[in-house]
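Notes to accompany the following structure.
Only the coordinates and a few stated rules stand behind these numbers; no lab work does. These numbers come from a predicted model, not from an experiment. Ideal geometry is used to build each Cβ from the backbone, glycine not excepted, and the neighbour counts take in all protein chains shown.
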Amino acid sequence: MKTISFPDLELSKELEKAITDLGFEEPTPIQALAIPMLIEGHDVIGQAHTGSGKTAAYGLPLLGKMDQNDRRVQALVMCPTRELAIQVSEELAKLGKYLPGIMIIPVYGGQPIERQLVALKKGVQVVIGTPGRIIDHLHRRSLDLSNVRVVVLDEADEMLDMGFRDDIGDILAKTPEKRQTVLFSATMAAPIMELAKKYQKTPKHVKVVHAQLTVPTIEQYYYEMRESDKIEALCRLLDRYNPKLSLVFSNTKRRVDEITNRLNSRGYAAEGLHGDMSQSQRERVMAKFRSGVTDIHIATDVAARGLDIDDIEAVFNFDVPQDPEYYVHRIGRTARAGRSGRSFTFVSGKEVWKLRDIQRYANVRITPDFIPSDQDLEEQRTLQALTKIREAIEKENLDNYRLRAQAMMGEEFTSLDLAAALLFMTDKARPKMEPPSQTPIPRDDERRERNNRPPRRREAYKSPHPASNNRGGQRFSGPRDRRS
Ligand code: AMP
């Protein structure tokens, strides 16, 4: 199937510019399917879950149809909760950033109605609201829906569950017969189909089918944390597992640049890859990755598509992917050719719902885990130093060094002093890390699961040196080391 790009969707320049600012590289599957139908004016019934990009799927065509010179309400989005109404309103405001004549407001219970009355009076084209508050405004005659051209029922299944069926009917009765009606729902149960039958005209169905995952050799972990702790968590996991090659995925180009810069400034040999790069730039970056000059790549889903590297040992989902299928593709980058691999997914705020959907739709089990603490990392460094010491004692000719050590010990130092100082010196070059501010407390069932996990291979640690970028040492799944 040909991949659809944003330019293929023929959106207005203003909308394209906003999409570029947001760093969206390519439409999500639901956007690629729904946007052309909605632009053509069809009623659409879409099955889409939170995090799939559904807001922009209906929001972009909706904004494209607004007349900036007409200050009457032209579009109405109904949402089950105030949180969703606010979220949708913020997303539409970002997408409509270069449409200064388009006013967008959320109306929901809990906010003083006076503020909404003032805003509505000034004239707005797009109203996003909960059914109860929309009805309130209709009773007060502060909301006139007679000029509405597009109505969206977002999370329609939730609205029905919350008992808004009659309110939805009453609201739609105040809108013109000749309107575009869009319905998004996570499920397509009978009550939703009834709603569609009652209020839509020959709707087009849009559903994204999800692939099944069969890559048993990938250990998949997730970590709940605050957004601001993600970089720290990434560094700790890189230090903890010390993978030979890692791929870090982010949802937008902007984030790719940000993560790359922040890793570089902490001394990691990381390079970013995104769809804006020319072929020759990409090849240069890839050559560095292959030869081991860089060992961490940060990429968007689009940029990673052309990557053909077998020995990636760890995939990090810095952002939870937009679509379960992306998750499958991302983690499938590791454990190629029968090798084993690990994937680490960072989850913050409402990304936890996306993760739940991924587990359900992609049929995968992702285990909760903890970011290594300072103590974990320290223990690991000591173990690694001891491994090196043992190797040196067993394999090297240390006669000369023994004589020198003996001379140093004399009256001034004991052998214990000397050993402690050498351990200290292997450790001190490493930058001190900030502790992540939130370490999730596992639920009982999660604890049980953690206890069943095989023990970590602690000997595999070597901390990065900020000045040299030398991340050598024994790696977590194989003795090969190209850089130390
Ligand atoms: P939604 O499913 O509408 O709640 O969207 C979830 C998140 O995905 C929001 O933060 C959007 O800004 C983001 N998003 C929507 N479309 C894209 C896209 N094409 N590429 C990357 N991120 C997107």
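Over what distance in Å are the Cα centres of segment 292-332 and segment 32-85 separated? Answer, in whole Å: 30.
Size of the dipole of segment 297-362 about the Cα centre, Lys and Arg at +1 and Asp and Glu at -1 on the beta carbon, nothing else charged, in debye to 20?
Rounded to the nearest 20 debye, it is 220 debye.
Hey, rough spin-label estimate for ARG390 and SER5, points 7 angstrom out along Cα→Cβ, what's it come to in nanometres? Going by the 7 Å Cα→Cβ label model, 5.4 nm. Computing FRET efficiency as 1/(1 + (r/R0)^6) for LYS201 and ASP310, where r is the C-beta to C-beta distance and R0 is 35 Å, gives about 0.10. The label-point distance for TRP353 and GLU194, in a model that sets each label 7 Å from Cα toward Cβ, rounds to 2.5 nm.
Put in order of Cβ neighbour count within 10 Å, fewest first, the listed residues MET193, MET159 become MET193, MET159. Label-to-label distance, ASP166 versus ASN261, with points set 7 angstrom from Cα along the beta-carbon direction: 5.6 nm. Remark: segment 302-411 carries a charge dipole of roughly 380 debye about the Cα centre, counting +1 on each Lys and Arg Cβ and -1 on each Asp and Glu Cβ. With the highest mean first, a sort of the peptides 349-360, 232-243 on other beta-carbon atoms found within 10 angstrom per residue produces 232-243, 349-360.
Here the mean projected area of the convex hull built on the C-alpha positions of segment 6-207 is 10.2 nm². Under 5 Å from the amide H of PHE344 lie the amide H atoms of TYR221, VAL315, PHE316, ASN317, each residue being 5 or more positions distant or on a separate chain, with H modelled from the backbone and absent for Pro and chain starts. Computed over the alpha-carbon atoms, segment 374-427 gives an Rg to Rh ratio of 1.03, Rh here being the Kirkwood radius from the mean inverse distance. Placing a label point 7 Å from the Cα of THR217 along the Cα-to-Cβ direction, the residues of segment 299-330 whose backbone N falls under 14 Å from that point are 310-314. Net length available on complete extension from ILE39 to ASN400 is 122.0 nm, with 0.36 nm assigned per residue and the Cα-Cα distance removed. As a length-normalised measure over Cα pairs under 8 Å and 6 or more apart, the relative contact order of segment 25-92 settles at 32 percent.
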